[in-house]
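Worksheet: the structure to be examined is printed underneath.
The values are calculated or read from the model by the stated rules, or taken from the named source; none is laboratory data. Remember, predicted model here, so these are calculated numbers, not experimental data. Don't worry about glycine lacking a Cβ; one is built from the backbone with ideal geometry, like all the others, and counts go over all protein chains shown.
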Amino acid sequence: MTKRLYVGNLPYSATEAQIRQLFSQAGKITGVTLITDRETGRSKGFGFVEMSTDDEAQEAIRRFNGYSMNNRSLTVNEARPREERPRTGGYNSGDGRRGGGYGVE
């Protein structure tokens, strides 16, 4: 069973190929996903690596958590399921204006 790892504090210039090459030192990789901003397409500095076994995932954590890549110390740990976040913002008054602050209208 594959094990998904969170990889944080990546250099913004890091490529999927670089991450794949690095993590392949710990075992077989089944997938790499780098997270980018929807609007700009630029890296957000984190991503996910899927290792083929739990043992390989633990080896990757041991080797690369704190590893320096382009003078950035990587954070590597087991990925947690994504939590649903409530939508934020003020209330919508129905007339196209948004509220949420203090003041006189």
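Return the total of residues in region 4-34 being in contact (Cβ under 8 Å) with a residue 60 or more places away in the chain and of a type in the set (Phe, Trp, Tyr). Give the steps one after another, and end with the answer.
Kept after step one, since they are in contact (Cβ under 8 Å) with a residue 60 or more places away in the chain, are these residues of region 4-34: 4-11.
Add one more test, that the residue is of a type in the set (Phe, Trp, Tyr), and what stays is 6.
Residues flagged as in contact (Cβ under 8 Å) with a residue 60 or more places away in the chain and of a type in the set (Phe, Trp, Tyr) within region 4-34 amount to 1.
Looking for something polar (S, T, N, Q), exposed (fewer than 14 other Cβ atoms within 10 Å of the Cβ), on the phi > 0 side of the Ramachandran plot and modelled with pLDDT of 95 or more - is there at least one such residue anywhere in region 70-88? The answer is yes; a qualifying residue exists.
Report the residue count in region 18-42 for those that are part of a strand (DSSP E or B) and modelled with pLDDT under 95. Qualifying residue count, region 18-42: 0. Name the residues in region 43-52 that are out of contact with any helix residue (DSSP H, G or I) (no Cβ under 9 Å at 6 or more places or on another chain) and either aliphatic (A, V, I, L, M) or not in a strand (DSSP E or B) (or both), would you? The one that is out of contact with any helix residue (DSSP H, G or I) (no Cβ under 9 Å at 6 or more places or on another chain) and either aliphatic (A, V, I, L, M) or not in a strand (DSSP E or B) (or both): SER52. Tallying residues that are of a type in the set (A, V, I, L, M) and closer than 17 Å to THR2 by Cβ within region 14-68 yields 9. Scan region 29-50 for residues that are aliphatic (A, V, I, L, M), surrounded by 15 or more Cβ atoms within 10 Å (Cβ to Cβ) and more than 15 Å from ARG80 (Cα to Cα) and the total you get is 3.
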